[in-house]
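Shown next, in structure tokens, is the structure this report addresses.
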Amino acid sequence: MTTSEAPARIAVTGLAVMGSNLARNLARHGYRVAVHNRTPARTKALMREHGHEGEFVPAETLSELVESLATPRQIIIMVKAGTPTDAVIDELAPLLGPGDMVIDGGNAHFADTRRREAALRERGLHFVGAGISGGEEGALNGPSIMPGGSAESYKHVGPVLESIAAQVDGVPCCVHVGPDGAGHFVKMVHNGIEYADMQLIAEAYDLLHRVGGRGPAEVGEVFRDWDRGDLESYLVEITAEVLGHVDPDTGAALVDVIADEAEQKGTGRWTVQEALELGVPVTGIAEAVFARSLSGRVGQRAAARAAFGASEVIPSPDDDLVEDVRLALYASKVVAYAQGFDQMRAASVEYGWDLDLGAAATIWRGGCIIRARFLDRIREAYDRNPDLPSLLVDDYFRDAVVRAEQAWRRVVVKAINAGVPVPGFVSALAYYDALRSERLPAALVQGLRDFFGAHTYRRVDREGSFHTLWSGDRSQVDA
Ligand SMILES: NC(=O)C1=CN([C@@H]2O[C@H](COP(=O)(O)OP(=O)(O)OC[C@H]3O[C@@H](n4cnc5c(N)ncnc54)[C@H](OP(=O)(O)O)[C@@H]3O)[C@@H](O)[C@H]2O)C=CC1
Ligand SMILES: O=C(CO)[C@H](O)[C@H](O)COP(=O)(O)O
């Protein structure tokens, strides 16, 4: 039904795949939704194809959209992140009144969200930076929603967002994450983990395919089987689907005809850039971002093949390979998640967000791309100890990693000997080994820094900073 007399409860501007599906989700939940898109053809298409699904109020302009809303107004922006979002906010803000709420559901950089929140607060408006995950299907049927912003604004938008979010065990996959950019930060880390997870899955596939000698469909069946155990997750489930799919044009496995150059829109890169700023090692996410970059360096790859010959992998399957790879995948995933949660903890301190890490795990259990059985275990770990220094040291994950360790090492050795690149598995194992080392060679790095730059070092046996007179008599002085 489409009527235009009563005021709309909420509005969506930006009606590409995400915005139109979110508007439909809202309408299906009984909200009267005002809808707008810069190019009116998209609004018309939504009304034509889905207008019967609920109460929509189409608007040709942003001022029409604003006029159609009940106060305090709630407007969701679902447009391209970056300058398009600023353009919409700049046009929208002068049309709004005190207490109105602007909700940015795009993949905004959290620093932009902090800036926008502060600017709108100055004007008496609320700005809610809400990370939304789940893609097209999630937006329609229940995404995971990570709203930031003031507690006051959440009182208004929270109930609406919670009602359209995915529900797991009766709990909505939506919670007030924290002030200003907290929601978009958590979404960014979600995407970083998504990158790491996909890279690890791709490495597992490569090993089972090239070392294990199994075809894509056969490996797809292995993933289907894994999806029934500890690895149960959306990404493992769809891996089975993609690997099992046959290209209608050639009859080959689709994965064999897709160009092997992984693209990226930038959220994984942001995660790593911000981790560098915070000094948090997110090696799994970084390796995943770099693996995508390397895949796209087609000219360099061709030159290397010409110079060295393409690496030739002779399949050498053994009875344990599938189980070993499963364990290595699980342990490497634990590391990737531990690093992502570590980054959120560091950001929480840096920006004063007071993030509840268990709540982040809870709202990722459904609706989003990294939804997984695993997230229940993470939530339980933070329930046991909200101040866990690392997920790895929680009893459950510690035992899981210890159980996987020997298989993990066998897989890495096998991959290296075979010439199959597994940067995700290798770096996860190196992180685990480094974290638990009694002594790290960082001591030598400090010695070298002091030698060439008098950068000083600390000692293990007494307080203070010291410098060795390397070009003098090599005695030690207090620094
Ligand atoms: N696709 C996905 O799976 C996911 C996307 N997101 C995020 O959600 C947001 C929407 O994504 P998606 O639906 O894929 O659409 P796109 O990111 O492709 O953005 C297209 C939309 O942005 C609008 N737009 C672009 N530039 C401007 C501008 N200068 N002024 C006004 N409107 C503009 C377009 O309007 P017009 O039709 O006039 O060109 C269109 O409505 C993005 O921020 C994206 O990162 C989040 C999670 C998942
Ligand atoms: O936010 C998302 C899901 O959570 C998007 O799917 C994400 O934009 C995909 O990122 P990329 O294109 O960089 O792989």
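The values are calculated or read from the model by the stated rules, or taken from the named source; none is laboratory data. Predicted model, so just to flag it, every value in this text is computed and none were measured. Virtual Cβ from ideal backbone geometry, glycine too; neighbours counted across all protein chains shown. Note: accessible area is taken over every heavy atom of the protein model, side chains too, but ligands, DNA and RNA are not part of it. Shrake-Rupley method; radii C 1.70, N 1.55, O 1.52, S 1.80 Å.
Once you have the Cα-Cα distance between E218 and L444, take 0.36 nm times their residue separation minus that, and quote the gain in nm to one decimal.
Gain on extension, E218 to L444, equals 76.6 nm.
Take the alpha carbon gyration tensor of the chain, find the square roots of its eigenvalues, order them as a ≥ b ≥ c, and report rounded if a/c is under 1.5; if not, report prolate when a/b exceeds b/c, else oblate.
Here the chain falls in the oblate category.
Sort the following peptides by mean Cβ neighbour count (other Cβ atoms within 10 Å, averaged over residues), highest first: 255-262, 370-377.
370-377, 255-262
From the backbone phi of the stretch 223-236, what are the Karplus-calculated ³J(HN,Hα) couplings (6.51 cos²θ - 1.76 cosθ + 1.60, θ = phi - 60°) in whole Hz, Gly and Pro given as x?
5, 4, 5, 4, 5, 8, x, 4, 8, 3, 6, 4, 5, 5
Which whole-number value in Å² is the accessible area per residue of the stretch 351-479, probe 1.4 Å?
I get 55 Å² per residue for this part.
Would you mind checking K187/K333; K44/K187; K80/K187; K80/K333 for any pair whose Cα atoms are more than 22 angstrom apart?
K44/K187; K80/K333
Taking K and R as +1 and D and E as -1, what net charge do the other residues with C-beta under 10 Å from the C-beta of L62 add up to?
Value of the local net charge: -3.
Among K265, K187, what's the order by accessible area (1.4 angstrom probe), most exposed first?
Solvent-accessible surface, decreasing: K265, K187.
Could you check how much of the accessible area of the stretch 187-436 is carbon and sulfur, as a whole percent, using a 1.4 Å probe?
C and S atoms contribute 52 percent here.
Using the crude model of +1 on Lys and Arg Cβ and -1 on Asp and Glu Cβ, and no other charge, please compute the dipole size for the chain relative to its Cα centre, in debye to 20.
Dipole of the chain, to the nearest 20 debye: 660 debye.
Non-local amide H neighbours of V35 (under 5 Å, H modeled in plane, Pro and chain starts lacking H): which ones?
V12, V57, A59
Which chymotrypsin sites (Phe, Trp or Tyr not before Pro) from the stretch 417-479 combine a DSSP loop assignment with at most 12 other Cβ atoms within 10 Å?
Of the chymotrypsin sites (Phe, Trp or Tyr not before Pro), the ones in loops of the stretch 417-479 whose Cβ has at most 12 other Cβ atoms within 10 Å are W470.
Taking the Cα centre of the stretch 145-265 as the origin, how large is its charge dipole in debye, to the nearest 20, when only Lys and Arg (+1) and Asp and Glu (-1) carry charge on their Cβ atoms?
Computed about the Cα centre, the dipole is about 420 debye.
With a cap of 16 neighbouring Cβ atoms within 10 Å, and only residues DSSP puts in a loop, list the GluC sites (Glu not before Pro) found in the stretch 150-238.
The qualifying sites are E232.
Just going by the charge dipole of the stretch 187-436, with Lys and Arg at +1 and Asp and Glu at -1 on Cβ, which of V242, A404, G284 is farthest out on the positive end?
G284
Run the numbers on the chain and let me know its relative contact order in percent, using alpha-carbon pairs under 8 Å that are six or more apart.
The normalised contact order for the chain reaches 12 percent.
Could you tell me which of Q273, V313, A202 has its Cα farthest along the dipole of the chain towards the positive end, charges placed at Cβ (Lys, Arg +1; Asp, Glu -1), taken about the Cα centre?
Q273
What is the Cα centroid distance between the stretch 180-196 and the stretch 87-159, reported in whole angstrom?
Taking the Cα centre of each part, the stretch 180-196 and the stretch 87-159 sit 15 Å apart.
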